[in-house]
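What follows draws every value from the coordinates through simple rules; no lab data is involved. Here the structure is a predicted model, which means the values were calculated and not measured. Cβ sites come from the backbone with ideal geometry, for glycine too, and all protein chains shown count toward neighbours.
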Amino acid sequence: MIKPSIRTKKVELSEIRKMFEVTNPNAINLGIGEPDFDVPENIKQAIVDALDENLTHYTPNKGYIELREEIVKKFKNDNNIKTNPENIIVTDGASEALYLCSQAFFEKGDEILLPDPSFLSYEACINLAEATSVSIECKLENGLKLKADDVQEKITPKTKAIMLNSPCNPSGVVMEKEDIKAIAELSKDHDFLIISDEIYEKIIYGKKHYSPGAYSDNVITINGFSKTYAMTGLRIGYLNANEKFNEELLKIHQYCVACTNSTSQMGALEALKGPQDSVKKMVGEFEKRRDLITSRLIEMGYELPVPDGAFYVYPKIENPMEFVKKASDAGVITVPGAPFGKNGDKHVRMSYANSYENIKKAMDILEGL
Ligand code: PMP
C-alpha cells in the first residue's frame, strides 16, 4: 500500500467545494467566493495581444519586469509601502503566495496566530507545513474585528507568524488602523512575521484600507487580481517580501511553478496601468447588494456586523448546519461557518457575489423558512 504523507493526511478537502457538488443546480447560490462580473474588456484585449505577439514562453521566475515595476508603483501609491521589483514575486494567485510563505517559514514547533474566523486555506497551509495554529477570537462584541490586545495575549516564544486578512473572508470586516499599526509594532518587538493577505483591498465601502507593511519590515504583503479585476480563473497574484524573506520564497516558487502564466501577466499589467472605472462600477454594485442583504437579514432578526468590505456577510446563527440544510432545500445555498474557525459553529457565510434580483429572491426564501 502506498501511503500518503502525514502532512496531507492532516488536511481535508475544502468543505465549501464539497457542498457545491451535492447541491441543487437551480438554487440561488450565495456560497460563491468570486465576483460574478466578467474580466474588463481592456484586460481581455491585452491577453489576446500577448498571444498574438507570441508571449507564450517562460517568463523570469519572479515575473515580467514591467509588471513588477507597476506593482512597485501600486504599493507606493496605495499602500505606502516602499519596495523594488526584486522584492516582488508574481504568483499563481494569492493562493500560491500563501503556500510559499508557509512552506518557506513555518515548521514543526512553530505557532501561527490565526484569527477566528479566517479564510480556510490558512489553516490548511499551516498544517501542510506541520506548524500549529493558535486561534484568536474575533469577538462579536468588537464587530468581529481582530484587536491588537487579543493578539498580544496569544504571543509566546514559539510565535512565528500571524495571518492577517482585511477586508476579511468570511466576515467582510475591515480592521481598524490602530490595530494594524499595533500588530505591526508587536511583530517588531517579538520578531514574528505578518502575512498580510490584502486580496479584498479594493472591495471596500467608504473606509480606508491600511497595510501593516507600511509600519514594519517583518511583513510579507500578498495581493492579486482575482477579486479586484474578476480574474479568478486567470490565476494571478503577487507578493512583496524584502531581502530578509524573498530568496526563501523564490526557492519554493521556482521549483513549484517556475513562473506564472505569461499571458495572464500581460493582462495583469493592463489591469494596473489601464482605466479603473470597471473596478469602481463593480464595487458600487457590491455596495448596493451589501446594503440589501444586511438590511434584510437584520430585519429578520439575525445578529451581524455590517461589513465594510469584501462580498460576504457572516450572521450569527444558532444551528448553522440545520440552517444551511433548510436553506438549501428551499433553494438558497449558503456555507456553514465551521470551516472558517472554531467559532464558526455559530455562524453562516453568505456571499453577495450574485445579482441584486437573486439576492432579493434569496432573502424572501430565507424569510419564509
Ligand atoms: N485569500 C482570500 C482571503 C480569499 O478569499 C481568496 C479566494 N477566495 C484567496 C486568498 C485566493 O485568491 P486567488 O484566486 O488569488 O488565489
Counting other Cβ atoms within 10 Å of each Cβ, which chymotrypsin sites (Phe, Trp or Tyr not before Pro) in region 17-107 have at most 11 and sit in a DSSP loop?
Y58
Under a point-charge model restricted to the Cβ atoms of Lys and Arg (+1) and Asp and Glu (-1), what is the dipole moment magnitude of region 73-199 relative to its Cα centre, in debye to the nearest 20?
400 debye
Helix-only [θ]222 nm of the chain, DSSP H runs n ≥ 4, -39500 (n - 2.57) each, per residue, nearest 500:
-12500 deg cm²/dmol
In debye to the nearest 20, how big a dipole does the chain give about its Cα centre with +1 on each Lys and Arg Cβ and -1 on each Asp and Glu Cβ?
260 debye
Would you list, by chain and number, the aspartates and glutamates whose Cα falls below 18 Å from the Cα of K281, excluding same-chain residues fewer than 8 positions away?
E34, D36, D38, E41, E201, E270, D291, D308, E357
At a threshold of 8 angstrom on Cα-Cα distance, excluding pairs fewer than six apart, so keeping six or more, what relative contact order does region 137-203 reach in percent?
37 percent
Taking neighbour counts of Cβ atoms within 10 Å as a proxy for exposure, in what order, fewest first, do I71, I236, I333, I155 appear?
I155, I333, I71, I236
Cut-off under 13 Å on the C-alpha distance; same-chain residues fewer than 8 positions from K181 excluded. Which aspartates and glutamates are left, in chain and number order?
D149, D189, D217
Here the relative contact order (percent) of the chain, from C-alpha pairs under 8 Å and at least 6 apart, is 25 percent
Could you tell me which GluC sites (Glu not before Pro) in region 45-131 are loop residues by DSSP with no more than 12 other beta carbons within 10 angstrom of their beta carbon?
E53, E107
Over 23 Å between Cα atoms, which of K288/K326; K62/K145; K326/K360; K154/K342; K177/K316; K62/K244 qualify?
K288/K326; K62/K145; K177/K316
What residue among Y58, N319, P117 has its Cα farthest toward the positive end of the dipole of the chain, where the charges are +1 on Lys, Arg and -1 on Asp, Glu, each on the Cβ?
N319
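Which of T8, T221 comes first, and how do the rest follow, when ranked by fewest Cβ neighbours within 10 Å? Before the final figure, lay out the partial values.
Values: T8 10, T221 26.
With the sparsest Cβ surroundings first, the list reads T8, T221.
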Assign unit charges at the C-beta atoms only (+1 for Lys and Arg, -1 for Asp and Glu), then state the dipole size of region 1-134 relative to its Cα centre in Debye, rounded to the nearest 20.
500 debye
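Between rounded, prolate and oblate, where does region 1-136 land on the alpha carbon gyration tensor, with a ≥ b ≥ c its root eigenvalues, rounded for a/c under 1.5, else prolate if a/b exceeds b/c?
Judged from the Cα gyration tensor, region 1-136 comes out oblate (a/c at least 1.5, b/c at or above a/b).
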Which of R68, R349, R235 comes first, and how do the rest follow, when ranked by fewest Cβ neighbours within 10 Å?
R235, R68, R349
Between region 88-116 and region 174-214, what is the separation of their alpha carbon centroids in Å?
16 Å
Can you compute the radius of gyration and Dmax for the chain, using only the Cα atoms, both in Å?
20.2, 57
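With the Cα gyration tensor of region 223-325 giving a ≥ b ≥ c as the square roots of its eigenvalues, does the rule (a/c under 1.5 for rounded; else a/b larger than b/c for prolate; else oblate) give rounded, prolate or oblate?
Since a/c reaches 1.5 and a/b is larger than b/c, the shape of region 223-325 is classed as prolate.
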Length gained, Y58-V306, 0.36 nm per residue minus C-alpha separation, equals 84.8 nm
